[in-house]
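Following: one structure in structure tokens, then a few remarks.
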Ligand SMILES: [Zn+2]
Ligand SMILES: [Zn+2]
């Protein structure tokens, strides 16, 4: 066997590309309908951006980044997520001084060095949206609601929104301290990463998946008694807005999400019930991040979702649907002179906006007809010696089998009429 794709990557082959294009089109259409505009950032950034913008105590930064020195000795990281790059671009291009809020969306590959398993890849795809410059709960409700529209359109059922607040710089420190006090007696029983995060970021102890850590303190204190009036009002406002839309959610006090920069709202979409590992996306508010990345104080909130999951769902829900558009005409040619004429005709008709293909390897009549059928051509135009001599083509309507002979010059108009 020759060289194969690296572990944790996959090819999107032509047979599947139509499905991906369908999902991408729906994502794009939904975001644009909601007033979001696309941002495309580089696949790699300075490593420092993610250390600052994702957080040094996160799994992503601690264990999962593709980081290397380039030939100029710069420390570079393949982007593991889309928010920090979007915020970097927002600051770099001075979007804060333009009309706010900035409403951005993105989609594309992300890179994380994780153990590959079913549905998890090292190069995977996300779509996401960011709202920068809006402090109120309307923005949080919006970033929660818009992806739900996309999931619904893909036929992804039973999405549960897990919702939490993790407070702000004025109320989070007291909660951190309360968590440390609660975990102090069981510190010895925690896993190594929880032990190391106990001082640096005790909130992360809440979402550790290890059984021992869960068992060590089955019911850690929640933040809800300790939220400051502003965070409390924000959370209540968000809940009212979600109720208005009929969005089902559960409050999950363990949901702190992997990124250090979150403030107030955190949320996650789960399929298959509460606390399920099967998260298909999530996000939160990051009021301090723009400033952390060198911009003016600007509130922000965003969400990111897995594309692979949407593609699988779209496939399962419309298994027999053809996502690749068929051809309008396939030109069958018999003999070299006819093949040259077919080439010329095909390009002329393409210029007129039709999808046209022709035989370029001199196959026989039957093989060309089979190929036309496989390409789902609506019409086949046959050029033989006879047709060449009279300047005509024999046109076959592939749905009815009906055959007519028309002038080659009429071909485009004839196809367009039907
Ligand atoms: Zn607060
Ligand atoms: Zn742990």
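Under 10 Å, Cα contacts only: if you run a Gaussian network model on the chain, which one of 266, 57, 400 comes out with the highest mean-square fluctuation? Among 266, 57, 400, the largest GNM mean-square fluctuation belongs to 400. With respect to the chain, whose longest principal axis is taken over its alpha-carbon atoms, helix 365-374 is tilted by about 30°. For the stretch 240-384, averaging the sequence separation of C-alpha pairs within contact (under 8 Å, six or more residues apart) and dividing by the residue count gives a relative contact order of 17 percent. In percent, rounded to a whole number, the relative contact order of the chain is 16, using alpha-carbon pairs under 8 Å and six or more apart. GNM on the chain, alpha-carbon springs under 10 angstrom: the most fluctuating residue among 202, 101, 42 is 42.
For the pair the stretch 321-366 and the stretch 59-132, the centres of their Cα atoms are 43 angstrom apart. Rounded to the nearest 10 degrees, the angle from helix 137-154 to the longest Cα principal axis of the chain is 40 degrees.
Note on the chain: GNM, Cα springs under 10 Å; of 64, 212, 308, the largest mean-square fluctuation is that of 212. Note on the chain: helix-only mean residue ellipticity at 222 nm, from DSSP H runs of 4+ residues weighted -39500 (n - 2.57) and normalised by residue number, equals -11000 deg cm²/dmol. Compute the relative contact order of the stretch 154-212 as a whole-number percentage, counting only Cα pairs closer than 8 Å that sit 6 or more residues apart in sequence. Relative contact order, the stretch 154-212: 27 percent.
On a 0 to 90 degree scale, rounded to 10, what angle separates helix 336-351 from the longest Cα axis of the chain? That works out to roughly 50 degrees.
FYI, it's all coordinate maths here, none of it is from the lab. Not measured: the values here are computed from a predicted model.
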